[in-house]
Amino acid sequence: MDPLINCMLFFLFTCTAIQTLVWLLSKSSSKGKYKLPPGPSPLPIIGNLLNMGPKPHKSLAKLAKIHGPIMSLKLGQLTTIVISSSDMAKEVLLTHDHSLSNRTIPDACYALNHKDYGLTFMNISPRWRALRKICNGQLFSHMALDASQDLRLKKMQELLNEIHNSSLKCEAIDIGSLAFKTAVNLLTNTIFSMDLFHSTDIAGEFHELIKNIMIWTGKPNLADFFPVLRTVDPQGVRGRGGFYAGKVIDIVRDLIDQRLKMREGTGFDKMKFNDMLHTLLNISQENSLEIMDQLQIQHLVLTLFVAGTDTISSTIEWAMAELLRNPEVMLKAKQELKQTIGVGNPVKETDIERLPYLKAIIKETFRLHPPVPFLIPRKAITSVEICGYTIPKDAQVLVNVWEIGRDSSIWDNPNLYLPERFFGSEIDLKGQDFELTPFGGGRRICPGLPLAMRTLLLMLGSLINSFDWKLEGDMKVEDINMDDKFGIALEKAQPLRVVPLIINNN
């Protein structure tokens with residue numbers, strides 16, 4: 001091995017060992033001051049990192065059955081509390097929300113100073129409060145989304161035309177890629193009143209950018225578990241993640257510059273561009289750039305792309321896979337759509353409230369396949385006592401919504417896909433029913449929830465109502481691979497490829 005590498009490894013090990021020794025001494029001196037939740041015994045230096053495995057949502061669910069619904073781990077130097085029941089989730093997301101509302105910021109978010117501008121990972125601050133107010137009151141309000149629904153309907157119709165052409169050729173479609181492209185088109189029209197892509201190649205390139213941001217931000221990173229390593233970025237996570245994020249921000253910056261030039265010109269039609277960007281630029285002018293300057297707009301749009309594309313596409317892919325595996329559910333969904341809007345007619349956002357079974361399908365998909373299995377990690381602002389145990393200040397808190405969705409004490413036949421379980425149920429997705437919180441809860445609930453639900457229901461309803469579907473080749477429904485791939489978004493390990501068929505109305 002290269003002597004330089006040997007020296008670097010020795011230096012890193014020494015620094016880590018010293019910091020671990022300091023932690024052990026401080027722990028010893030504070031022994032008796034608080035009682036951590038139970039958990040597996042940590043190894044020296046690395047703690048419980050080996051307990052995580054390649055699919056931590058499943059590994060930690062098994063450990064919770066041994067140690068309980070509130071469990072402590074030591075991930076390197078990071079004290080981590082894992083929540084695995086709806087009762088404990090309520091304690092974190094509601095009862096002690098104010099004390100547990102900061103974020104554990106991954107080292108990848110230090111790139112481009114995204115930690116200071118990205119709404120998802122920003123800690124509680126006046127800037128965060130102002131941004132949340134803008135999101136809730138203007139960007140994602142029902143009035144704002146109603147104003148832009150025709151743009152999304154137009155993009156959906158273009159998608160259905162594209163699928164129709166594939167059906168004429170009996171071509172198989174990759175549902176995940178199709179849903180991602182659609183999510184991007186719907187989002188870019190909501191933000192910019194335009195298509196971001198003008199060719200399949202550009203769309204594919206942007207898809208890879210977003211995918212790589214998700215991959216590198218969600219990659220297990222030694223610098224997150226051993227802060228001393230942040231100075232050297234040993235795995236290149238911050239560097240690579242920042243590179244891909246920078247590419248997206250370059251695209252967004254160009255679009256903002258184009259709009260600013262248009263606004264300065266004569267004959268600018270405000271009604272033609274009554275979109276999110278128009279709202280953000282107006283806010284920027286009104287508050288003299290104190291909160292919503294161009295840099296903040298760039299990072300906010302980056303957040304919307306990352307949060308609103310892969311999570312949407314993975315949910316649509318899981319839903320379609322479950323519908324193909326459960327043809328009786330698919331038939332009921334088709335019957336509801338037929339009776340409500342007619343076979344083949346476009347699904348509109350105004351139809352959503354009249355489609356309770358379709359809404360139940362989305363809920364059931366979230367229950368079994370939450371897009372973010374641990375939600376976004378929280379960080380304790382101050383020490384908090386729950387059920388006689390202490391979550392110490394600065395500890396990371398993970399809520400395993402994947403495990404809660406499979407809790408047999410909450411759900412009958414939890415491993416079966418049964419949308420009917422939500423009929424007559426008051427459970428919704430707004431963060432107050434802790435059996436089902438795919439968007440989080442409390443102050444940190446996802447502000448884009450209203451747009452995400454419209455997008456999911458519009459897209460899935462359109463796919464179901466406009467076509468029949470069969471698997472590629474001679475594949476049978478029982479052969480569909482339902483394994484997942486862990487990351488920030490919980491994706492199918494094997495893409496779902498299906499052939500669209502024109503519906504015979506006779």
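Side notes on the structure shown:
- Flag for F374 being over 30 Å from Y34 (Cα atoms) and among the aromatic types (F, W, Y): no
- Residue ID - nearest to L490 (Cα to Cα), chosen from residues in the stretch 405-454 that are polar (S, T, N, Q) and modelled with pLDDT of 95 or more: T437
- Count - residues of the stretch 461-484 that are in contact with a Leu (Cβ under 7 Å, 6 or more places away or on another chain) and part of a helix (DSSP H, G or I): 6
- When the stretch 331-352 is filtered for residues that are within 21 Å of M156 (Cβ to Cβ) and touching a Phe, Trp or Tyr at 6+ places or on another chain (Cβ under 8 Å), the ones remaining, listed by number, are A333, E336.
- Selection status of F374, touching a strand residue (DSSP E or B) at 6+ places or on another chain (Cβ under 6 Å), aromatic (F, W, Y) and open to solvent by less than 60 Å² (accessible area, probe 1.4 Å): yes
- Residues that are over 20 Å from T80 (Cβ atoms) and among the polar types (S, T, N, Q), drawn from the stretch 97-126: N113, S125
- Condition check for P346: modelled with pLDDT of 95 or more and in a loop (DSSP other than H, G, I, E, B): no
- Condition met for F243 (among the aromatic types (F, W, Y), open to solvent by 80 Å² or more (accessible area, probe 1.4 Å) and farther than 24 Å from M52 by Cα): yes
This table checks each residue for (1) open to solvent by less than 70 Å² (accessible area, probe 1.4 Å); (2) over 23 Å from P371 (Cα atoms); (3) among the hydrophobic types (A, V, I, L, M, F, W, C).
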position	(1), (2), (3)
D468	yes, yes, no
E472	no, yes, no
I480	yes, no, yes
E491	yes, no, no
V498	yes, no, yes
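- Residue, farthest from G218 (Cα to Cα), within the stretch 458-506, restricted to residues that are free of Cβ contacts under 8 Å to residues at least 60 places away in the same chain and in contact with an Asp or Glu (Cβ under 9 Å, 6 or more places away or on another chain): N504
- The listed residues are F434, F422, F439, and the only one of them that is closer than 30 Å to A144 by Cα, without any contact (Cβ under 8 Å) to a residue 40 or more places away in the chain and crowded, with 19+ Cβ neighbours inside 10 Å turns out to be F439.
- Residue within the stretch 249-270 that is more than 29 Å from the chain's Cα centre (by Cα) and among the aliphatic types (A, V, I, L, M) present: yes
- Counting the residues of the stretch 306-343 that are in a helix (DSSP H, G or I) and without any contact (Cβ under 8 Å) to a residue 12 or more places away in the chain gives 4.
- Hits in the stretch 353-382 - residues which are in a loop (DSSP other than H, G, I, E, B), out of contact with any Asp or Glu (no Cβ under 7 Å at 6 or more places or on another chain) and closer than 27 Å to E158 by Cα: P371
- Pick from the stretch 148-158, criterion hydrophobic (A, V, I, L, M, F, W, C) and modelled with pLDDT of 90 or more, ranking: farthest from M276 (Cα to Cα): M156
- Condition met for G487 (out of contact with any Cys (no Cβ under 9 Å at 6 or more places or on another chain), in a helix (DSSP H, G or I) and among the small types (G, A, S)): no
- Hits in the stretch 19-78 (condition: modelled with pLDDT of 95 or more, hydrophobic (A, V, I, L, M, F, W, C), over 24 Å from the mean Cα position of the chain (by Cα) and part of a helix (DSSP H, G or I)): L50, L63, I66
To keep it simple, each residue is scored yes or no on (1) in contact with an Asp or Glu (Cβ under 7 Å, 6 or more places away or on another chain); (2) open to solvent by 50 Å² or more (accessible area, probe 1.4 Å); (3) within 21 Å of T350 (Cα to Cα).
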position	(1), (2), (3)
Q157	no, yes, yes
I163	no, no, no
A172	yes, no, no
I191	yes, no, yes
M194	no, yes, no
I210	yes, no, no
I215	no, yes, no
G218	no, no, no
V228	no, no, no
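- Some residue of the stretch 87-96 being in contact with a helix residue (DSSP H, G or I) (Cβ under 9 Å, 6 or more places away or on another chain), surrounded by fewer than 20 Cβ atoms within 10 Å (Cβ to Cβ), over 25 Å from A307 (Cβ atoms) and not acidic (D, E): no
- Residues within the stretch 246-271 that are assigned to a helix (DSSP H, G or I), loosely packed, with under 15 Cβ neighbours inside 10 Å and out of contact with any Leu (no Cβ under 8 Å at 6 or more places or on another chain), tallied: 8
- Filter pass, T340 being more than 22 Å from the chain's Cα centre (by Cα), of a type in the set (S, T, Y) and open to solvent by 60 Å² or more (accessible area, probe 1.4 Å): no
- Listed conditions (1) among the small types (G, A, S); (2) open to solvent by 20 Å² or more (accessible area, probe 1.4 Å); (3) modelled with pLDDT under 95 are all met by S383, apart from (3).
- Residue within the stretch 274-295 that is out of contact with any strand residue (DSSP E or B) (no Cβ under 6 Å at 6 or more places or on another chain), part of a loop (DSSP other than H, G, I, E, B), open to solvent by less than 40 Å² (accessible area, probe 1.4 Å) and over 22 Å from M122 (Cα atoms) present: yes
The values are calculated or read from the model by the stated rules, or taken from the named source; none is laboratory data. Owing to the predicted nature of the structure, the values given are computational and were not obtained by experimental measurement. No Cβ is skipped: glycine too gets one built from the backbone with ideal geometry, and neighbour counts run over all protein chains shown. Keep in mind that these areas ignore ligands, DNA and RNA; they rest on the heavy atoms of the full protein, side chains included. Shrake-Rupley method; radii C 1.70, N 1.55, O 1.52, S 1.80 Å.
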